Amino acid sequence: MLADAPPSAAAAWSARDLAVLWHPCTQMREHPEQLPLVPIARGEDAWLVDRDGRRILDGISSWWTNLHGHAEPRIAAAIARQAQTLEQVILAGFSHAPAVELAERLLALAPRQPGRAPLAKVFYADNGSAGVEVALKMAFHWFRNRGEEQRTRFIALENGYHGETLGALAVGDIPLYRRVYAPLLAEALFAPSPDAWQARPGESDEQCALRAADALADLFDRHPGQVCALILEPRLQCAGGMRMHHPAYLRRARELCDANGAFLIADEIATGFGRTGTMFACEQAGIAPDLLCLSKGLTGGFLPLAAVLASDVLYEGFLDDSRERAFLHSHSYTGNPLACAAALASLDIFEADQVLERNRGTSARMATLATQVGASSAHVAEVRQAGMVVAFELCRDGRREQPFDPALRIGLRAYRAALERGVLLRPLGDVLYWMPPYCVDPAQLELLAQATADAIKEATACA
């Protein structure tokens, strides 16, 4: 009789989905046997609710986008109000209040550095990868306008990730994403990552970072006058395994860019808006970039939007009577009013709810629970944290020199085990991480920790 039972609502939606959709960052052959597809009906605060009514704690903020919780009523209301007034207008030659107001507020919040002029202009795009493309093109074109046509190279960090469009891939260093497309990519220069996981025996996080900064200085020296910009993720290489580095590297990188006449591009698409403890990760080093890329949490996770904040020096390099010397990059939905309204509402919540202050208590509790999780398994080689981000590095017997055989698919095993316990984790290889919405409460954190500990135990049982 069970064989004749009708499929559940979730199963029915999964079948409809797989008949028509091609999912991102997925080997579709793994669906549905190896990788369960989870059709979601709605979101509530830190929860996702599937088509069968099962509640799943969103431990990764839906790919790091959601800040204040799903279906946050204040952001939803702001979008609804804006939709009744103006849903879209071309931003070339036209303007609207949400785009202007958001730019003003972002510039007021942007990282500042004593003795350096503040970021002064905002250019909008659709998503993080598009924002990176904007920043790369601006840096290159600025030098072109000055007649410095030899400055065609970008320096990026090993193990870095900046998106999957071709320009962004060119400055990324994760083989899984870039290897196939390498023949299509511009050739970037890659500097050693300051990743503290790479510290030598007896070396502190800061010493590791400064050693990497020395290698960056050497790379600049070997390519004099050729580099237009250095691009990096401040403090936290997210897609590279939630690897973290000491702020000393950022300070030295800022100095080296200035000394070599190159721009510094800070990709804070994932690290911005409080993820690492401060509004922007650059603040922890006391530095300001020349170009700041923002997206993901910019709208609180409601709508796609990116913003690139630029210095006046950079902006003024495009002012000319020639249109060829103008920055002609564009997107149909540049500065979309609905997305800008969502972002403004999100910034209002930061102020009204004192989010950064509240997050300090939440991150302290996360640290305590993460330490307990790490101690519960012999296969956790490191527990690391930057603000509201916690990562667990899994290695055989907790030994760095003994990573698990990739064929064991430890991360996938952990993902499935956590999902069975009502928690969404999406490991990066064999790195599990927490990046929950800021509304996560103590009981939800307890569930997150218990599910993670159980998932590690179940996933590594085959080791």
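In table form, for the structure just shown:
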{"item": "Any hit, the stretch 248-260, residues being crowded, with 23+ Cβ neighbours inside 10 Å and not aliphatic (A, V, I, L, M)", "result": "yes"}
{"item": "The stretch 142-174, residues that are open to solvent by 40 Å² or more (accessible area, probe 1.4 Å), within 19 Å of Asp267 (Cβ to Cβ) and of a type outside the set (A, V, I, L, M, F, W, C)", "result": "Arg153, Glu158, Asn159, Tyr161, Glu164, Thr165, Asp173"}
{"item": "Residue selected from the stretch 24-48 under the condition in a loop (DSSP other than H, G, I, E, B), free of Cβ contacts under 8 Å to residues at least 12 places away in the same chain and open to solvent by 40 Å² or more (accessible area, probe 1.4 Å), by the criterion farthest from Gly429 (Cα to Cα)", "result": "Glu33"}
{"item": "Complete set of residues in the stretch 69-99 that are part of a helix (DSSP H, G or I) and either open to solvent by less than 70 Å² (accessible area, probe 1.4 Å) or of a type in the set (A, V, I, L, M, F, W, C) (or both)", "result": "Ile75, Ala76, Ala77, Ala78, Ile79, Ala80, Gln82, Ala83, Ala97, Pro98, Ala99"}
{"item": "Odd one out for Ile56 among (1) over 30 Å from Val355 (Cα atoms); (2) not in a helix (DSSP H, G or I)", "result": "(1)"}
{"item": "Selected residue (criterion: nearest to Phe404 (Cα to Cα)) from residues of the stretch 335-358 that are of a type in the set (S, T, N, Q) and buried (at least 21 other Cβ atoms within 10 Å of the Cβ)", "result": "Ser346"}
{"item": "Matching entry among Ala407, Ala364, Ala370 (being among the small types (Gly, Ala, Ser), out of contact with any Phe, Trp or Tyr (no Cβ under 7 Å at 6 or more places or on another chain) and surrounded by 14 or more Cβ atoms within 10 Å (Cβ to Cβ))", "result": "Ala370"}
{"item": "Total residues in the stretch 188-239, condition in a loop (DSSP other than H, G, I, E, B), open to solvent by 10 Å² or more (accessible area, probe 1.4 Å) and out of contact with any Phe, Trp or Tyr (no Cβ under 6 Å at 6 or more places or on another chain)", "result": "14"}
{"item": "Which listed residue is within 15 Å of Leu294 (Cβ to Cβ) and at pLDDT 95 or above, from Gly128, Gly93", "result": "Gly128"}
{"item": "Output for the stretch 388-397, where each listed residue is more than 11 Å from Val431 (Cα to Cα) and either open to solvent by 20 Å² or more (accessible area, probe 1.4 Å) or part of a strand (DSSP E or B) (or both)", "result": "Val389, Arg396, Asp397"}
{"item": "Which numbered condition Asp58 misses (of (1) more than 30 Å from Ile287 (Cα to Cα); (2) of a type outside the set (A, V, I, L, M, F, W, C); (3) open to solvent by 30 Å² or more (accessible area, probe 1.4 Å); (4) in contact (Cβ under 8 Å) with a residue 40 or more places away in the chain)", "result": "(3)"}
{"item": "Number of the condition not met by Leu432 [criteria: (1) outside any strand (DSSP E or B); (2) buried (at least 24 other Cβ atoms within 10 Å of the Cβ)]", "result": "(1)"}
{"item": "Residue count for the stretch 63-82, restricted to those that are out of contact with any Lys or Arg (no Cβ under 8 Å at 6 or more places or on another chain) and without any contact (Cβ under 8 Å) to a residue 60 or more places away in the chain", "result": "2"}
{"item": "Output for the stretch 304-326, where each listed residue is assigned to a loop (DSSP other than H, G, I, E, B), under 21 Å from Glu72 (Cα atoms) and out of contact with any Leu (no Cβ under 6 Å at 6 or more places or on another chain)", "result": "Pro304"}
{"item": "Leu419 farther than 24 Å from Glu357 by Cα and outside any loop (DSSP other than H, G, I, E, B)", "result": "yes"}
{"item": "Answer residue from the stretch 302-317, given it is open to solvent by 10 Å² or more (accessible area, probe 1.4 Å) and in contact with a helix residue (DSSP H, G or I) (Cβ under 6 Å, 6 or more places away or on another chain) and is farthest from Phe263 (Cα to Cα) among those", "result": "Phe302"}
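The values are calculated or read from the model by the stated rules, or taken from the named source; none is laboratory data. Treat the numbers as computed from the prediction; the structure is a model and nothing was measured. In this analysis, Cβ positions are derived from the backbone assuming ideal geometry, glycine residues included, and neighbour counts consider all displayed protein chains. SASA here: full protein model, heavy atoms, side chains in, ligands and nucleic acids out. Shrake-Rupley method; radii C 1.70, N 1.55, O 1.52, S 1.80 Å.
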